[in-house]
Amino acid sequence: MKTIRLTIDKDNIDPELIEQAAGVVRRGGLVAFPTETVYGLGADACDPDAARSIYAAKGRPSDNPLIVHIWDVSQLYTIASEVPEVGKKLFDAFWPGPMTVIVKKNGRIPRETTGGLDTVAVRMPSHPIARELIKVSGRMIAAPSANSSGRPSPTRADHVWDDLEGRIDMLIDGGDVELGLESTIIDLTEPVPMILRPGFITQEMLENVIGEVQTDPGITSADTATSGLAPKAPGMRYRHYAPKGNLSIIEGPEEEVAAFIEKNCDEQRAAGRRTAVLCRSETRHLYNRANEVIVMGDRGDEEAVAAKLFAVLRQMDEDRVDCIFSESFRGAGVAEAVMNRLMKAAGHQLIRVGS
Ligand code: TXA
Ligand code: MG
């Protein structure tokens, strides 16, 4: 299949180009498009064949459900069998934006789209191209992240092209995304609403609007590498984001972290392996031994780290890095989402140094 690549300016959207993409969606085809979080791979959410072709293009396990994207809240009521009161408060507070809610579904969304579940994930993105595409197509658009399964989510059009060129009908290049991590997922079917995937909308932000919110114990246990509880969102159980090289996260006092990394870089390079360090700008001067030192952002600027993370993980593969040592970015708020993705990418290899 030949993939058509369209460039659309998000600040000055060409209606003819959007119509061309919307036509592909209406005909049951696959269109990758930018959202504010990551690029999505979209198709008509009510068309079981279109949903199946999303799984095929990505090589995604068919039990991993897709998120249904809407441009107006009224669409949610056409596919949900039940919308709790807390949901309405959340839509008012955070939509359009990087929040996905899980609600019970009625029969309109086929099981192909929800991986066989009787619940459905719904999100109203804020990106102008995403919103126009959904609106003009006249459909709800099922869209997972537009990477091939297991790779880091795409934050720029070239990432999508590298993974899916020839496997999808169209790619809309709308420039780099703004946020760089996938949406926060909150399950509203639980007695106490539960975060299934951390993101830019943090637990604290959610609690300020609806009161008590819990985080899926399965994610916390995976991130702290303690017990073996399985995360509730199927997609959080799979190996994900991992670069080809070995990635480990080193945590502890910064001088000791740097000393450990420098020593290990020397050893790895002596064995003929290519090395890289991911660090903060404040600690950049502590690293001289690796082949590559990548500054992820300033201390406390987790947004900057989030925006770069997936692109850097892809770059590690391109540069054929064998051993990647990352400082830890642990902290509250968005840092939780950053660490969640980094820990997954590292296969939960966390090394603590110092006292
Ligand atoms: O920011 C985002 O959410 C991006 C953009 C494109 O909107 N999309 C995205 O989709 O990250 P995807 O497919 O890569 O991740 C969807 C996650 C998976 O972990 C999946 O298991 C979970 O949502 N999920 C979807 N429906 C669910 C459901 N009914 N119950 C539990 N988890 C669900
Ligand atoms: Mg994904």
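The values are calculated or read from the model by the stated rules, or taken from the named source; none is laboratory data. Predicted, not measured: the structure shown is a model, and the values here were computed from it. Here Cβ is always computed from backbone atoms with ideal geometry, including for glycine, and neighbour counts include all displayed protein chains. Note: areas computed on protein heavy atoms with side chains; ligands, DNA, RNA excluded. Shrake-Rupley method; radii C 1.70, N 1.55, O 1.52, S 1.80 Å.
Note: relative contact order over the chain, using C-alpha pairs below 8 Å and six or more positions apart, is 19 percent. Close amide H contacts of Leu247 (hydrogens built in the peptide plane, cut-off under 5 Å, sequence separation of 5 or more or a different chain): Ile324.
Packing here is the average count of other Cβ atoms within 10 Å per residue, and on that basis the peptides 194-202, 256-264, highest first, run 194-202, 256-264.
For region 156-177 and region 259-332, what is the separation of their Cα centres, given in Å? Between the Cα centre of region 156-177 and that of region 259-332, the gap is 26 Å. For the chain, the solvent-accessible area with a 1.4 angstrom probe is 41 square angstrom per residue.
For region 200-337, dividing the convex hull volume of the Cα atoms by the residue count gives 127 Å³ per residue. The antiparallel fraction among DSSP beta bridges confined to region 39-196 stands at about 65%. Applied to region 323-332, the Karplus parametrisation 6.51 cos²θ - 1.76 cosθ + 1.60 on θ = phi - 60° returns per-residue 3J(HN,Hα) values of 9, 10, 10, 10, 5, 8, 10, 4, x, 8 Hz, with x for Gly and Pro. Evaluate Rg over Rh across the chain, taking Cα atoms for both radii and Kirkwood's formula for Rh. We get a ratio of 0.98 for the chain. Phi angles of region 253-264 translate, via the Karplus equation with coefficients 6.51, -1.76, 1.60 and θ = phi - 60°, into HN-Hα couplings of x, 4, 5, 6, 4, 4, 4, 4, 5, 4, 4, 5 Hz per residue; Gly and Pro are given as x. What residue among Gly97, Ser148, Pro198 has its Cα farthest toward the positive end of the dipole of region 88-221, where the charges are +1 on Lys, Arg and -1 on Asp, Glu, each on the Cβ? Of the listed residues, the answer is Gly97. The accessible surface of the chain, taken with every protein chain in place and a 1.4 Å probe, is 47 percent carbon and sulfur. Taking Arg123, Arg156, Arg320 in turn, the Gaussian network model of the chain (Cα-Cα springs below 10 Å) assigns the largest fluctuation to Arg320.
Take 346-355, 180-189, 88-97, 62-71 and order them by the average number of nearby Cβ atoms within 10 Å per residue, most first; the result is 180-189, 62-71, 88-97, 346-355.
Amide H contacts of Arg274: Asp322, Cys323, each under 5 Å away and 5 or more positions distant or on a separate chain (H built 1.01 Å from N in the peptide plane; Pro and chain starts excluded). Computed over region 107-222, the Cα gyration tensor eigenvalues convert (square root of 5λ each) into semi-axes of 27, 18, 16 Å, ordered from largest to smallest. Selection among Gly28, Met236, Val312 by position relative to the dipole of the chain gives Gly28 as farthest towards the positive end (Cβ unit charges, Cα centre).
Karplus-derived 3J(HN,Hα) values for region 102-111, using 6.51 cos²θ - 1.76 cosθ + 1.60 with θ = phi - 60°, are 9, 10, 6, 9, 9, x, 6, 8, x, 5 Hz; glycine and proline are entered as x.
Would you mind checking the pairs Lys232/Lys308; Lys244/Lys308; Lys88/Lys232; Lys88/Lys308; Lys58/Lys344; Lys10/Lys232 and listing those with alpha carbons more than 29 angstrom apart? It would help to have the intermediate numbers written out before the result.
On the way: Lys232/Lys308 27 Å; Lys244/Lys308 18 Å; Lys88/Lys232 23 Å; Lys88/Lys308 33 Å; Lys58/Lys344 19 Å; Lys10/Lys232 35 Å.
From the list (Lys232/Lys308; Lys244/Lys308; Lys88/Lys232; Lys88/Lys308; Lys58/Lys344; Lys10/Lys232), the Cα-Cα distance tops 29 Å for Lys88/Lys308; Lys10/Lys232.
Residues whose amide H lies under 5 Å from that of Leu171, counting only those 5 or more places away or on a different chain, are Ile4, Arg5, Leu6, Ala32; hydrogens are built 1.01 Å from N in the peptide plane.
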